[in-house]
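Please read the structure below before turning to the comments.
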């Protein structure tokens, strides 16, 4: 069984808000396939569902709360 334990989810709105609060490095989280868009989620869910883990997929995916906080 393969479990993806390092999955991030950053919505554009969340990153925009961080920028308004002073965060200056949100570009590193944008455009990497970690948004809540249907396309990003479909691509990520496809890694969890068949093909089975033996064929390179994941059995489970843990999505954690973003660690970025407002501030410099």
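Numerical summary
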{"read-out": "Residues of the stretch 19-41 that turn out to be in a helix (DSSP H, G or I), surrounded by 11 or more Cβ atoms within 10 Å (Cβ to Cβ) and at pLDDT 85 or above, as a count", "value": "3"}
{"read-out": "Hey, residue 67 on the phi < 0 side of the Ramachandran plot, loosely packed, with under 10 Cβ neighbours inside 10 Å and modelled with pLDDT under 70 or not", "value": "yes"}
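Residues checked against (1) in a loop (DSSP other than H, G, I, E, B); (2) modelled with pLDDT of 70 or more; (3) in contact with a strand residue (DSSP E or B) (Cβ under 9 Å, 6 or more places away or on another chain); (4) surrounded by fewer than 15 Cβ atoms within 10 Å (Cβ to Cβ):
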site	(1), (2), (3), (4)
1	yes, no, yes, yes
9	yes, yes, yes, no
14	no, yes, no, no
17	no, yes, no, yes
43	no, yes, no, yes
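The values are calculated or read from the model by the stated rules, or taken from the named source; none is laboratory data. Quantities reported herein were computed from a predicted structural model and do not represent experimental measurements. Methodologically, a virtual Cβ is constructed for each residue, glycine included, from the backbone with ideal geometry; neighbour enumeration extends over all protein chains shown.
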